[in-house]
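Participant: Structure provided below as structure tokens; questions to follow.
None of the figures in this text is laboratory data; all of them are computed from the coordinates on show. Since this is a predicted model, take the numbers as computed values, not measurements. Cβ placement follows ideal geometry from the backbone for every residue including glycine, while neighbour counts extend to all protein chains displayed.
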Amino acid sequence: MASSESSAPTDLDALKSAIDILSEAKLRQVLKSLCEKVPQARDECSRDLLVDSSKKPIVQQEGEETTVLQPEPRGVKRSVARYAFCRNCKEEFDVTENGKDSCRYHPGKWLTPSDDDPQPTGEDLWVDNEFGVDDSMMEASPESWEFPCCEETLESNPVGCVVDWHVEGPFEQKQKRIRGRHWSCEP
């Protein structure tokens with residue numbers, strides 16, 4: 001009996017390591033399978049990942065206008081996902097904690113090289129480089145990249161000039177690759 005107790009932590013450590021290296025797709029597949037087969041796992045996941053729809057405000061955005069609608073009445077029992085991705089800041093958020101100052105982002109579509117500091121090198125980089133510019137170039141000289149929405153640089157304001165509600169959208173990478181002379185902040 002002592003041998004099985006001493007091997008349990010090792011098995012748990014091995015399992016945690018295996019989970020750490022799984023792809024997101026495989027991890028989702030395993031979790032869904034567990035929820036189908038093991039009622040206790042389903043209940044635990046439901047407690048962690050679902051909320052009553054009455055606790056979730058409905059946030060809509062058209063252009064720069066954000067509208068917040070009241071959640072469904074408490075009498076309506078419907079479960080919804082507790083976590084979502086914001087289409088503006090590209091961050092995951094808890095829908096029950098969404099508020100008018102939860103999200104910070106730059107609404108401008110492009111991040112461009114600053115006219116005041118045209119580093120990293122010059123026009124040859126933007127025109128002749130068939131690979132474009134990558135994220136490491138922005139990270140190496142954040143003072144050289146400017147948002148047209150607020151005319152601030154990536155260094156002076158990396159998080160955003162607009163504070164608002166999170167707006168649900170599809171999962172996206174936070175930063176897109178830079179192409180040519182512009183870096184896209186939006187899809």
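Participant: Apply 1/(1 + (r/R0)^6) to the Cβ-Cβ distance of E92 and S156, taking R0 = 25 Å, and write down the FRET efficiency to the nearest 0.05.
Facilitator: Using R0 = 25 Å, I get an efficiency of 0.45.
Participant: Okay, moving on. Taking 0.36 nm per residue of separation and subtracting the Cα-Cα distance, what length does fully extending V38 through S79 add?
Facilitator: 12.8 nm
Participant: Turning to a different aspect of this structure: With respect to the cross-link table entries K56/K90; K16/K77; K26/K77; K32/K56, which display a Cα-Cα separation exceeding 27 Å?
Facilitator: Where the Cα-Cα span goes over 27 Å, the pairs concerned are K16/K77; K26/K77.
Participant: What FRET efficiency do you get for D52 and F171 if R0 is 25 Å and r is their Cβ-Cβ distance, rounded to the nearest 0.05?
Facilitator: Computed FRET efficiency for D52 and F171: 0.60.
Participant: Now, a different point. Stretched out fully, how many nm does the piece from L69 to S23 gain, at 0.36 nm a residue minus the Cα gap?
Facilitator: The span from L69 to S23 would gain 12.9 nm if fully extended.
Participant: For the range 13-68, what is the convex hull volume of its Cα atoms per residue in Å³?
Facilitator: Expressed per residue, the convex hull around the Cα atoms of the range 13-68 is 154 Å³.
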